[in-house]
Amino acid sequence: MSTARRHGQPTSLDFIATYLSRGLLEIETVRAGADLVEWVRRAGIVHDLTKVDAAELTRTRELREALHAGVCWAVEGHPLRTWELTAINDAAAGATPRLRLGPREVHRSGGLPAVLGHLAHDLLDLLGSPDHTRLRWCGSVECRRPVLDRSHDGRRRWCGKACRDRASALGYRERAFSRRSAAVSA
């Protein structure tokens, strides 16, 4: 199921991150069907998805929330609700992308059901593997992307360089402020 991955993360985790910061700030990056088509194209799941209507977009967002709940189950032990289990299992039981070898590339085809099937399979493969114990949330306060830690020592805390750099800068500012405060009170 090899498709393009951001920072080596499974495609399903990248998809969950299309709804950013499930905390203080909430940003929906898949606002319209065209946004989903573009995300699928960049992720390399299928090459021929051209249009997503409003009902399909709603169904896709519901699956994304169910996949997020699956990560919560793995990371925090939260049980999945019946509709979340049904959404994931129904998508996984459906179509998956059809692969065809061409002269220069492997062509991936299928409609939105194949995309949803791929995403559900991708997460289920992860949750059913020993790697599920290395699943966590990005350590940045401003980000809540799921992260699969594939580092040797299992100590990865950030989803990527931007979050790591932001956290390092924040830590530096806090230490500098503490030093200045200590110098003033001394």
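Computed from the coordinates by the stated procedures, all read-outs in this text should not be read as laboratory data. Every value quoted in this text rests on a predicted model; they were computed, and no experiment measured them. Cβ: placed from backbone, ideal geometry, glycine included. Neighbour counts: every protein chain shown.
If r is the Cβ-Cβ distance from His107 to Leu25 and R0 is 35 Å, what FRET efficiency results, to the nearest 0.05? It comes to 0.35. Assuming charge only on the beta carbon of Lys and Arg (+1) and of Asp and Glu (-1), the dipole of the chain about its Cα centre is about 900 debye to the nearest 20. Residue exposure proxy: Asp153, Asp14, Asp90, ordered by other Cβ atoms within 10 angstrom of their Cβ from fewest to most, comes out as Asp153, Asp90, Asp14. Each of Trp137, Trp158, Ser12 was placed along the dipole of the chain (beta-carbon charges, centred on the mean Cα), and the one lying farthest toward the positive end is Trp158. Placing dummy labels 7 Å off each Cα toward the beta-carbon, the span from Asp153 to Arg175 is 1.6 nm.
For the chain, the longest principal axis of the alpha carbon atoms and the long axis of helix 33-43 meet at an angle near 80°.
In the chain, a dipole from Cβ-located charges (positive for Lys and Arg, negative for Asp and Glu) runs towards its positive end, and of Ala69, Thr29, Leu49 it is Thr29 whose Cα lies farthest in that direction. Return the label of the correct value of P(r) over Cα pairs in 10 Å bins from 0, in percent, as calculated from the structure shown, out of (1) 9, 33, 32, 16, 6, 3, 1, 0; (2) 7, 23, 29, 24, 12, 4, 0; (3) 8, 29, 31, 19, 10, 3, 0. Read-out taken from this structure: (1).
With a 10 Å Cβ neighbour count serving as the proxy for reagent exposure, in which order, fewest first, do Ser12, Ser129, Ser140 appear? Walk me through the intermediate numbers first.
On the way: Ser12 29, Ser129 11, Ser140 20.
In order of increasing Cβ crowding within 10 Å: Ser129, Ser140, Ser12.
With each label modelled as a point 7 angstrom along the Cα→C-beta vector, the Thr86-His47 pair spans 3.7 nm.
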